[in-house]
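The values are calculated or read from the model by the stated rules, or taken from the named source; none is laboratory data. What you see is a predicted model; the values in this text were computed from it and never measured. For neighbour counting, all protein chains shown are included, and Cβ atoms are generated from backbone atoms with ideal geometry for every residue, glycine included. With ligands, DNA and RNA removed, areas are computed over all heavy atoms of the protein, side chains included. Shrake-Rupley method; radii C 1.70, N 1.55, O 1.52, S 1.80 Å.
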Protein chains: 2
Amino acid sequence: MGDRGGAGGSRRRRTGSRPSSQGGGGPAEEEVRAVGPGGDAPAPPPAPAPDKDENRDSDVGSGPWDLSRCHRLQDSLFSSDSGFSNYRGILNWCVVMLILSNARLFLENLIKYGILVDPIQVVSLFLKDPYSWPALCLVIVANVFAVAAFQVEKRLAAGALTEQAGLLLHVVNLATILCFPAAVALLLESITPVGSVLALMVYTILFLKLVSYRDVNLWCRERRAKAKAKAKAASAGKKANGGAAQHTVSYPDNLTYRDLYYFLLAPTLCYELNFPRSPRIRKRFLLRRLLEMLFLTQLQVGLIQQWMVPTIQNSMKPFKDMDYSRIIERLLKLAVPNHLIWLIFFYWFFHSCMNAVAELMQFGDREFYRDWWNSESVTYFWQNWNIPVHKWCLRHFYKPMLRRGSSKWVASTGVFFASAFFHEYLVSIPLHMFRLWAFTGMMAQIPLAWIVSRFFQGNYGNAAVWLTLIIGQPVAVLMYVHDYYVLNYEAPVAGA
Amino acid sequence: MGDRGGAGGSRRRRTGSRPSSQGGGGPAEEEVRAVGPGGDAPAPPPAPAPDKDENRDSDVGSGPWDLSRCHRLQDSLFSSDSGFSNYRGILNWCVVMLILSNARLFLENLIKYGILVDPIQVVSLFLKDPYSWPALCLVIVANVFAVAAFQVEKRLAAGALTEQAGLLLHVVNLATILCFPAAVALLLESITPVGSVLALMVYTILFLKLVSYRDVNLWCRERRAKAKAKAKAASAGKKANGGAAQHTVSYPDNLTYRDLYYFLLAPTLCYELNFPRSPRIRKRFLLRRLLEMLFLTQLQVGLIQQWMVPTIQNSMKPFKDMDYSRIIERLLKLAVPNHLIWLIFFYWFFHSCMNAVAELMQFGDREFYRDWWNSESVTYFWQNWNIPVHKWCLRHFYKPMLRRGSSKWVASTGVFFASAFFHEYLVSIPLHMFRLWAFTGMMAQIPLAWIVSRFFQGNYGNAAVWLTLIIGQPVAVLMYVHDYYVLNYEAPVAGA
């Protein structure tokens with residue numbers, strides 16, 4: 001029990017302006033205005049008035065016998081009648097509690113496992129044999145496919161190829177882009193799972209970029225044909241590329257290696273003839289992003305080694321025993337570091353890395369993400385967290401489907417289906433394991449989106465999105481890791 | 001990687017109004033306005049305009065060849081140049097993370113210890129011998145002191161006692177109120193620590209109330225004397241008790257048993273001749289408060305048995321071994337349940353119990369706490385979390401000291417000192433252990449308040465207050481429990 005607190009009736013409610021700096025003994029400062037010399041009785045005490053503060057002050061300085069107005073008719077703040085709603089401090093409470101709980105987890109982890117961070121070990125994830133760099137070779141070979149697509153476009157522009165032949169060549173090229181690295185990753189012994197994930201990602205990005213490259217060039221040719229047909233009617237009407245620009249490139253002039261490689265390296269998946277460019281490279285901005293990249297990479301590796309790996313290893317036994325309460329406990333334990341690492345990864349990749357690349361290339365459009373953290377529906381989240389992919393899906397998949405007469409529902413299911421395919425592609429092939437967990441996870445977004453939008457609105461919707469993010473990922477991670485362990489470490493022993 | 005999300009360029013940024021209820025397949029609903037029949041090209045695309053939303057929509061329906069405006073010059077949201085500051089979703093994130101982490105801790109606890117909640121065991125905390133109820137007897141005896149104070153006041157009002165004799169009798173009475181239960185608690189074998197804490201609390205409250213009773217009656221007599229002296233000048237000038245009231249009681253008429261017991265049972269420590277009264281007993285309000293009392297009591301007992309007791313027991317070993325990193329880990333582990341229980345206790349006592357009592361007694365002033373959760377300084381916290389005690393300290397300790405010429409600093413230090421004394425009184429005597437941890441803890445508030453107000457402002461100050469609350473209490477709890485264990489369970493074995 002007990003409260004005290006040097007008192008002082010006049011306090012600033014809901015404001016934070018403390019006259020704190022005079023030093024002195026903490027509580028005492030408060031009373032400067034409270035019982036000033038001369039016993040300032042503030043106006044005749046009003047009848048139960050609406051202004052709380054004034055009333056509160058009235059018990060302060062009414063002379064030596066402050067009999068009157070020690071109490072007054074009023075509600076408790078938590079009562080709904082009081083109309084009070086300033087719970088600003090609760091956010092700080094949440095932050096303090098989160099930091100403290102995680103500090104404890106961190107300390108517990110250190111006590112239990114000691115320091116597990118080992119930068120050398122990371123190298124072994126990329127390389128089995130230091131003289132063979134299969135993933136890097138794969139990435140270098142990727143240039144061949146880019147050049148192939150370029151040559152096809154060049155010939156199409158010149159009219160040396162028919163549209164059908166061009167389409168066929170593009171399809172063959174694109175199919176090879178997906179199949180070739182998959183075959184290499186599956187057949188080559190010396191490639192590590194991490195190495196092959198990275199190589200497959202590069203190929204996937206290349207695939208998406210070349211689809212966009214082909215589509216945009218096709219649209220340009222179609223427009224050129226149309227413009228020629230209408231050339232008689234109007235002379236130079238239609239604005240070529242958004243109108244206002246001056247140093248713009250128009251269709252066949254864009255087919256240069258310089259333009260192609262600018263697009264391939266730029267942090268976007270959608271090809272455009274005239275990308276917006278930033279005026280100069282801001283050196284301090286670039287330096288900050290590079291330092292962030294460096295530091296956050298270390299942090300991610302450290303957190304994974306120190307926190308995720310032991311937790312995952314500890315969860316293998318409950319999984320084998322099918323001990324459900326322990327599985328859930330492990331899952332929740334894994335959820336925290338997993339989510340934290342994902343958040344760091346998000347910032348690292350979408351803010352630090354992409355901005356650094358964009359700054360270096362003077363690429364103007366820095367919208368790599370929008371405010372997905374405020375998502376109130378699953379749909380909003382998927383539309384806003386990864387803008388390059390979202391833009392690509394919208395431009396080269398969803399809208400073309402609509403134009404071909406698909407219904408919206410079919411088109412968006414198609415997008416989720418394609419995304420599910422690529423998720424599975426990026427996980428199953430490197431792990432040599434076809435379990436469809438990633439595929440299922442992505443496809444489950446459709447009913448999930450429906451459920452969330454149906455039953456949760458506003459902040460509840462937002463909380464539901466966070467919950468699926470925090471819980472959904474570790475479920476998938478545990479599934480794969482469990483199966484991978486069983487396949488690679490358990491099978492030879494027991495075969496269970 | 002990977003994003004998809006049925007796309008749809010038109011999205012409601014920062015608003016939460018989803019047209020959710022039509023059913024249909026989640027993402028598809030989004031596109032109703034996006035690519036409507038007729039390819040509605042929304043106005044000629046503006047030059048890099050300030051309005052983001054409009055620009056964003058411009059990539060939606062610009063006919064079959066949407067070559068223009070796929071990218072535009074813009075900053076990432078996290079860049080300070082973007083001016084974006086809507087991180088509303090982060091609060092939801094904090095809440096979800098806190099709930100999940102604690103759900104995990106709860107589950108871990110259940111797996112580790114099973115169900116420890118045992119309502120029967122609670123009874124043993126209050127009673128050693130079911131036929132002897134020493135704490136209850138003590139509480140009943142307390143009436144004697146209340147009646148004694150009343151009789152003294154009665155005689156003082158009638159002029160049958162001089163002021164000096166009255167003061168002496170009051171001092172003796174009040175001193176006995178503090179010493180008698182302390183002596184009983186120390187000497188009586190059959191009283192349990194919990195029982196004696198409760199009895200001592202009742203006596204402490206009685207002590208504070210009777211001090212207030214005596215002071216107010218004294219002020220009334222002084223005013224009456226003054227009024228008589230000035231009676232020649234003005235006839236019936238001074239308003240007796242706040243003026244406006246009609247059915248008010250004035251001085252000697254208030255000295256009735258009915259009035260005394262109303263004050264003793266009312267949820268306030270400050271006596272007043274005419275308490276504000278609520279017009280009627282709201283039955284639904286009362287019922288809600290009573291249900292809260294019942295449920296939260298269960299919850300507190302459950303949390304203590306299931307969560308705090310095992311954590312405290314586990315921390316005994318690190319304490320004995322003086323293993324600092326483990327002590328800190330245990331401390332942080334204890335901090336969470338301790339803080340949670342304290343928060344529940346706060347709501348239970350200051351909102352549910354006090355409001356229930358006030359509603360039953362039609363006591364009008366329900367300000368039992370203010371918005372201490374927004375405290376940006378330690379002083380503000382102490383002034384706002386326990387209003388009955390704060391009011392008492394201000395009225396009967398701090399301001400009288402100022403009137404007698406103490407400086408503000410001395411007066412507020414005095415308040416903290418008195419409070420430290422009562423904290424120690426309520427802990428040391430029941431535990432039969434004089435360690436001064438509680439006393440030190442309270443006195444440490446003075447330098448702490450100075451440090452916080454000096455170095456932390458605004459939200460940082462608020463976070464600092466929360467931190468001291470969350471960490472400070474379990475430190476004191478661990479200190480006492482450790483010493484109690486050593487004294488009662490270790491000593492006979494080893495004597496270490």
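A few notes on this one:
- Taking the label point 7 Å along Cα→Cβ, residue B:295 and its counterparts in the other copies are spaced 4.5 nm apart, in ascending order.
- Residue A:180-residue B:106 FRET efficiency (beta carbon distance; Förster radius 56 Å; 0.05 resolution): 0.65
- As a calculated quantity, the FRET efficiency between residue B:433 and residue B:147 at R0 = 30 Å, using C-beta atoms, amounts to about 0.35.
- Rolled with a 1.4 Å probe across the full set of protein chains, the surface gives residue A:322 an accessible area near 100 Å².
- Of the trypsin sites (Lys or Arg not before Pro) in the stretch A:374-404, those whose Cβ has at most 14 other Cβ within 10 Å and which sit in DSSP loop: A:404
- Over 20 Å [Cα-Cα, the stretch A:241-355], rounded percent: 63 percent
- Residues within the reach of a label modelled at residue A:167 (point 7 angstrom out along Cα to beta-carbon, backbone nitrogen below 19 Å), restricted to the stretch A:390-420, are A:396-406.
- Too-long pairs where the Cα-Cα distance tops 22 Å, listed order kept, from A:317/B:317; A:230/A:408; A:112/A:317; A:112/B:320: A:317/B:317; A:230/A:408
- When A:257, B:369 are compared by accessible area at a 1.4 angstrom probe, the order from most to least is A:257, B:369.
- Of all chain A C-beta atoms, the nearest to the rotation axis linking A with B is recorded, alongside its rounded Å distance, as A:94, 2.
- The trypsin sites (Lys or Arg not before Pro) found in the stretch B:93-181 that occupy coil by DSSP, while having at most 16 further C-beta atoms within 10 Å, are B:128.
- Cα→Cβ-extended label distance, 7 Å offset, between residue A:118 and residue A:228, nm: 6.6 nm
- Which of B:277, B:258 is most accessible, then next, and so on - probe 1.4 Å: B:258, B:277
- Only protein heavy atoms count here, probed at 1.4 Å, and on that basis chains B and A bury about 14600 Å² of accessible area in total.
- About the Cα centre, charge dipole magnitude for the stretch B:377-496 (Lys/Arg +1, Asp/Glu -1 at Cβ), debye: 760 debye
- Positions from the stretch B:431-464 whose accessible area shrinks by 10 Å² or more when the full protein complex is built, not the chain alone, probe 1.4 Å: B:446, B:449, B:450, B:453, B:454, B:457, B:459, B:462, B:463
- Of B:209, A:317, the residue with the largest accessible area leads and the full order is A:317, B:209 (1.4 Å probe).
- In this assembly of identical copies, the label point of residue A:86 (Cα plus 7 Å along Cα-to-Cβ) is separated from its counterparts by 2.6 nm, sorted shortest first.
- Teacher prompt: residue B:434 distances to equivalent labels in other copies, 7 Å Cα→Cβ, nm: 8.1
- Less than 5 angstrom separates the built amide H of residue B:74 from those of A:365, A:366, A:367, all sequence-distant by 5 or more or on a different chain.
- Just so you know, the averaged projected area of the alpha carbon convex hull for the stretch A:99-213 sits at 11.1 nm².
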